[in-house]
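The values are calculated or read from the model by the stated rules, or taken from the named source; none is laboratory data. A quick note: this is a predicted structure, and the numbers were derived from the prediction, not measured. Neighbour counts are summed over all protein chains in view; Cβ atoms, including those assigned to glycine, are modelled from backbone coordinates with ideal geometry. We work out accessible area using only protein heavy atoms, side chains counted, and drop any ligands, DNA or RNA first. Shrake-Rupley method; radii C 1.70, N 1.55, O 1.52, S 1.80 Å.
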Amino acid sequence: MAVKIRLKRFGSKKRPVYRLVVSEASKPRNGATLEEIGTYNPRQKPVSFECKQERVQYWLGVGAQPTETVHRLLGNLGLVEKIVKVPKTPGLSKKDKKAQAA
């Protein structure tokens with residue numbers, strides 16, 4: 001059984017609020033979950049992200065894989081190592097990339 005830590009969407013149209021949940025990878029996004037471990041509200045200023053840190057550590061310890069977005073959010077809290085994305089051609093604008101390709 002592959003287990004994922006991911007976001008489950010709630011809220012009305014154009015006003016998303018998410019719950020941080022643990023669920024089987026094969027289940028749909030808003031389907032059945034094993035446990036609810038936090039909330040995420042991207043519309044609030046500043047952005048609100050709260051989670052039960054001990055439960056997150058437990059699920060990561062037993063092999064649950066966070067999605068890319070959840071990994072970034074947990075990295076901001078210091079629960080997991082941050083992913084550093086490096087661009088292929090750093091420092092080039094779109095205009096310079098087009099000129100270079102031509």
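General observations
- Listed conditions (1) in contact with a Lys or Arg (Cβ under 8 Å, 6 or more places away or on another chain); (2) in a loop (DSSP other than H, G, I, E, B) are all met by Gly38, apart from (2).
- Subset of segment 5-28 [assigned to a strand (DSSP E or B) and either open to solvent by 60 Å² or more (accessible area, probe 1.4 Å) or not hydrophobic (A, V, I, L, M, F, W, C) (or both)]: Arg6, Lys8, Arg9, Phe10, Tyr18, Arg19, Ser23, Glu24
- Checking each residue in segment 37-52 for being open to solvent by less than 90 Å² (accessible area, probe 1.4 Å) and in contact with a strand residue (DSSP E or B) (Cβ under 6 Å, 6 or more places away or on another chain) picks out Ile37, Gly38, Thr39, Tyr40, Asn41, Ser48, Phe49, Cys51.
- Residues of segment 53-102 classified as more than 15 Å from the chain's Cα centre (by Cα), surrounded by 12 or more Cβ atoms within 10 Å (Cβ to Cβ) and not in a helix (DSSP H, G or I), total: 1
- Scope segment 36-95; condition modelled with pLDDT of 90 or more and among the hydroxyl-bearing types (Ser, Thr, Tyr); matching residues: Thr39, Tyr40, Ser48, Tyr58, Thr67, Thr69
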